[in-house]
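Report on the structure given below.
Read-outs: derived from the displayed coordinates by stated rules, not from any lab. Quick caveat: nothing in here was measured; it's all calculated off a predicted structure. Neighbour counts are summed over all protein chains in view; Cβ atoms, including those assigned to glycine, are modelled from backbone coordinates with ideal geometry.
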Amino acid sequence: MAELENDFKQSGGEWREFRIGELFEVATPKKRFDVNKIQFGGAYAYVARGRENNGIRGYIDEDLEFLNPANTISFGQDTATMFYQTQPYFTGDKIKIFSFKKGVLNRYNANFLIASMQKAFSNFSWGSTSFKVEALKNVVIFLPVYENNIIAFDYMESYIQELERERIQELEVYLSVAGFKDTKLNDKEKEALQIFTDSSKSGGGGQLVA
């Protein structure tokens, strides 16, 4: 990790302030579905304000016109819970949809952005009235940039990938110490760990330090 950061600085990288409104379109879902009036067991994720399972309460079938787009970040408006959603989804009450203006989100740069936003929102109280759209747009976060304020997507993605590798290595060491010698995670186990890692970073208040 230190080598990655050193290479970034030697390439002229630095950290710059951005307002969320510069980076994201902040939208209200076309329709909010009351959890007490829906039936689970469908095909599309129903995202609410909870902190577990990427905010997904279950899966439902509703009018596809009201689906929110994939590759966006769902934001719990009174809890500041943020999750990267890879597939189209429906929402419950008090959810905003963050659509990235500066490029295409993937699970690496999205988790970096989420961690930066979590840090910015760490001083907000639960249920804060400050989570109104205009206030959200004016929240300041810090991101790595190169010359001409070009966002350093390569650094962001490499940073998250390195964190993932470290977590997998730590788990493999733990398994070895616990008596499972020569244990290596298979692809499905790594995928399961990644889901847990993404959920932890997105909902557990992870932070990045500039």
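P(r) for region 1-67, from all Cα pairs and a bin width of 10 Å, is 15, 29, 19, 18, 16, 2 %, short bins first.
Looking at region 1-113, the DSSP beta bridges with both ends there are about 80 percent antiparallel. Report the FRET efficiency, 1/(1 + (r/R0)^6), for residue 169 and residue 59, where r is their Cβ-Cβ distance and R0 is 30 Å, rounded to 0.05. That pair, residue 169 with residue 59, gives E of 0.35. Classified by the C-alpha gyration tensor, region 71-143 has an oblate form. Its axis ratio a/c, with a ≥ b ≥ c, is 1.5 or above, and a/b does not exceed b/c.
Available extension along the chain between residue 15 and residue 37 is 3.3 nm, counting 0.36 nm per residue and deducting the alpha carbon span. Normalised by the number of residues in region 1-81, the average gap of Cα pairs under 8 Å and 6 or more apart makes the relative contact order 23 percent. Here the convex hull built on the C-alpha positions of region 1-112 has a volume of 125 cubic angstrom per residue.
In plain terms, the chain from residue 146 to residue 123 could stretch by 5.4 nm, reckoned as 0.36 nm per residue minus the Cα-Cα distance. Based on Cα contacts under 8 Å between residues 6+ apart, region 23-156 shows a relative contact order of 25 percent. For region 33-97, the Kirkwood hydrodynamic radius from C-alpha pairs, put into Stokes-Einstein at 4 °C and a viscosity of 1.567 mPa s, yields a diffusion coefficient of 113 µm² per second.
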